[in-house]
Structures are given as C-alpha cells and as structure tokens.
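Peer 1: Quick one: structure below, then a few questions.
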Amino acid sequence: MSIKSEADWRGLRAVGRIVRLTLDALEQHARPGVTTGELDGVAATVFAAQGARSAPRLVYGFPGTVLISVNDEVVHGIPGSRRLEAGDVLKLDVTAEKSGYMADAARTMILEGGPGISRRLRSCVGTAFRSALRVACAGNRVSEIGRAVEDEVRRCGFSVIRGLGGHGIGHTIHEAPSAPNYCDPDQRDVLTEGLVLTIEPIISCGSGEVFEDRDGWTIRTRDGSLAAHHEHTLVISGNHPVLVTAG
C-alpha cells in the first residue's frame with residue numbers, strides 16, 4: 001500500500017506501535033528454560049490488550065500468534081514445547097493487524113552469551129539493515145536495498161538467504177513490491193513517496209541454502225548453520241524513511 005491519507009498514517013502507526021510493544025514484551029520474557037509456546041502466550045496477551053490480531057494466523061492460518069525461530073531455524077518457526085537454552089540464537093517475528101492495517105518487524109536475540117560467531121552474526125544483520133535503510137529513498141530502485149544488504153553481509157563473511165526478503169505491506173502481509181536481499185536485475189520497481197514496505201535482512205553463517213521442515217512452516221538452513229533476521233516496516237518519505245515499528 002501507499003499512504004494516501006492521515007487516516008492511513010494513524011492506522012499504520014497504531015499497529016506498528018503494537019508490534020514494537022509485543023517485541024519488547026517477548027524480549028523481556030525470553031530466557032533459558034522458557035518455552036517458545038510460553039513466549040507465544042505473552043504475545044497473545046499483548047495483542048488482546050491492544051485489540052490486535054495475529055496477521056499470519058489471519059492471512060495464512062499459521063498455528064500460533066507470532067513466529068519464533070531458534071538457531072538453524074531461519075523463519076516461520078511454530079511456537080511450542082521447545083525450551084530455550086543459554087546461547088540460543090532466537091528470532092522473534094511479529095506481524096499484527098488492527099483496523100485493517102498490518103505491520104511487521106523482527107529481532108534476533110542471543111540468550112545469555114553464546115559463541116562469538118553468534119554475536120557477529122547478530123551485529124551483521126543489524127548493520128545490513130541500516131545500510132539498506134540509507135538507500136531506501138524515493139526515486140531509488142528497490143534493487144538498491146538488496147545491493148546494500150548483500151554487500152554488507154558479504155563484507156562480514158556471511159551469506160544472504162535468497163528467496164526470503166522484504167515486501168510491501170499495509171492491508172495484507174505480502175504486497176508488491178518484493179524487496180530481495182540481493183541485487184536482483186529483474187526487480188526494476190522504483191521506490192515511491194508514501195510506499196509502505198519492510199526491509200528484512202535474513203542471513204546465515206553457512207551457505208545460505210534452506211529447506212522447509214516437515215511441519216510445513218519452519219524454514220531451516222540446509223547445513224545446520226545459525227541464522228539471523230532483522231526487520232522493520234517503514235514508509236518511504238523523501239530521503240528519510242519513517243520506521244513505524246521502531247517507536
């Protein structure tokens with residue numbers, strides 16, 4: 001979607017705030033010994049208090065409130081009985097709907113230390129996001145986002161996971177345009193004023209090849225390597241995009 005009215009701004013900011021509040025609550029509760037299902041319950045409580053709904057459940061029938069992925073699980077992990085452990089690389093991915101608007105954001109946490117490569121991976125996914133944000137300007141091609149992400153990820157010695165990336169959002173989860181995390185020559189769309197989309201580097205320590213688990217949802221790295229994910233929903237606004245899930 002593109003912002004067309006003050007009502008669009010209000011609706012998008014409101015649901016973006018709920019996403020941020022939910023991620024904050026999940027971070028506060030995430031620790032060794034807690035199950036991913038218990039974390040999902042925390043998210044459900046925040047949604048209920050804020051009058052929001054789980055967009056993945058609403059649109060795709062996802063069997064949970066939020067997506068929680070651990071270690072080699074890249075994205076779309078189903079919350080359940082798994083107990084978190086010290087050193088886990090935890091991806092928290094929240095997409096909420098309220099009053100017809102949707103917003104999406106994700107964070108990566110390292111629980112109680114973890115090896116140095118985990119911390120470097122988490123740092124890299126954040127710097128890749130910020131590199132992409134600098135080129136998310138009206139008039140630039142969408143492909144410049146992917147170029148910025150992949151250049152930074154390669155500089156760090158990690159791999160972009162192709163096939164997973166950013167996307168338009170607003171009235172449903174996945175809208176045009178797609179925003180791959182590499183410079184796709186076939187992606188010729190131009191960023192326009194008011195366009196709503198996500199930027200979301202998704203990277204791994206290994207080859208970047210993935211597969212879908214037998215549960216039909218969880219995406220894992222094929223070589224078992226650790227993965228990280230960082231995401232915000234933003235609105236293209238001149239040379240300074242507005243992050244609606246950041247504040």
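Peer 1: Is there any pair linking a residue in region 148-176 that is among the aromatic types (Phe, Trp, Tyr) to one that is open to solvent by less than 30 Å² (accessible area, probe 1.4 Å), with Cβ under 8 Å and at least six apart or on different chains, and which?
Peer 2: Phe158/Leu121; Phe158/Cys124; Phe158/Ile203; Phe158/Ser204
Peer 1: Take region 214-234 and flag every residue that is of a type in the set (D, E, K, R), open to solvent by 10 Å² or more (accessible area, probe 1.4 Å) and in contact with a strand residue (DSSP E or B) (Cβ under 6 Å, 6 or more places away or on another chain). Explain how you work it out, then say what you get.
Peer 2: Step one: list which residues in region 214-234 are of a type in the set (D, E, K, R), which gives 214-215, 220, 222-223, 231.
Of the ones still in play, those that are also open to solvent by 10 Å² or more (accessible area, probe 1.4 Å) are 214-215, 220, 222-223.
The answer is Arg220, Arg222.
Peer 1: Kindly indicate the residue of region 100-113 that is over 16 Å from Val244 (Cα atoms) and surrounded by fewer than 22 Cβ atoms within 10 Å (Cβ to Cβ) and also modelled with the lowest pLDDT among those meeting that condition.
Peer 2: At the first step, the residues of region 100-113 found to be over 16 Å from Val244 (Cα atoms) are 108-113.
Still in the running and surrounded by fewer than 22 Cβ atoms within 10 Å (Cβ to Cβ): 109-113.
Values: Met109: 97, Ile110: 97, Leu111: 97, Glu112: 92, Gly113: 80.
Residue satisfying both the conditions and the ranking: Gly113.
Here's the yes/no breakdown for (1) crowded, with 24+ Cβ neighbours inside 10 Å; (2) closer than 26 Å to Phe211 by Cα; (3) touching a residue at least 12 places away in the same chain (Cβ under 8 Å):
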| residue | (1), (2), (3) |
| --- | --- |
| His29 | no, no, yes |
| Thr36 | yes, yes, yes |
| Ala43 | yes, no, yes |
| Ala48 | no, no, no |
| Ser54 | no, yes, yes |
| Leu67 | yes, yes, yes |
| Val70 | no, yes, yes |
| Pro115 | no, yes, yes |
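Per-residue answers, yes or no, for (1) open to solvent by less than 20 Å² (accessible area, probe 1.4 Å); (2) closer than 26 Å to Ala52 by Cα:
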site	(1), (2)
Arg134	no, no
Val160	yes, no
Ala176	no, yes
Glu193	no, no
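Peer 1: Just to verify a result, which residue in region 1-14, among those that are in contact with a Gly (Cβ under 9 Å, 6 or more places away or on another chain) and in a helix (DSSP H, G or I), is surrounded by the most Cβ atoms within 10 Å (Cβ to Cβ)?
Peer 2: Among those residues, the one meeting the criterion is Leu12.
Peer 1: Right, here's the next one. Given region 54-101, what strands (runs of 3 or more DSSP E) lie entirely inside it while holding 1 or more residues that are of a type in the set (Lys, Arg) and more than 17 Å from Thr35 (Cα to Cα)? First the steps, then the outcome.
Peer 2: Numbers: elements: 67-70, 73-75, 89-98.
Strands (runs of 3 or more DSSP E) meeting the threshold: 89-98.
The values are calculated or read from the model by the stated rules, or taken from the named source; none is laboratory data. Note that this is a predicted model, so its numbers are computed, not measured. Cβ: placed from backbone, ideal geometry, glycine included. Neighbour counts: every protein chain shown. Ligands, DNA and RNA are excluded from the accessible area calculation, which covers all protein heavy atoms including side chains. Shrake-Rupley method; radii C 1.70, N 1.55, O 1.52, S 1.80 Å.
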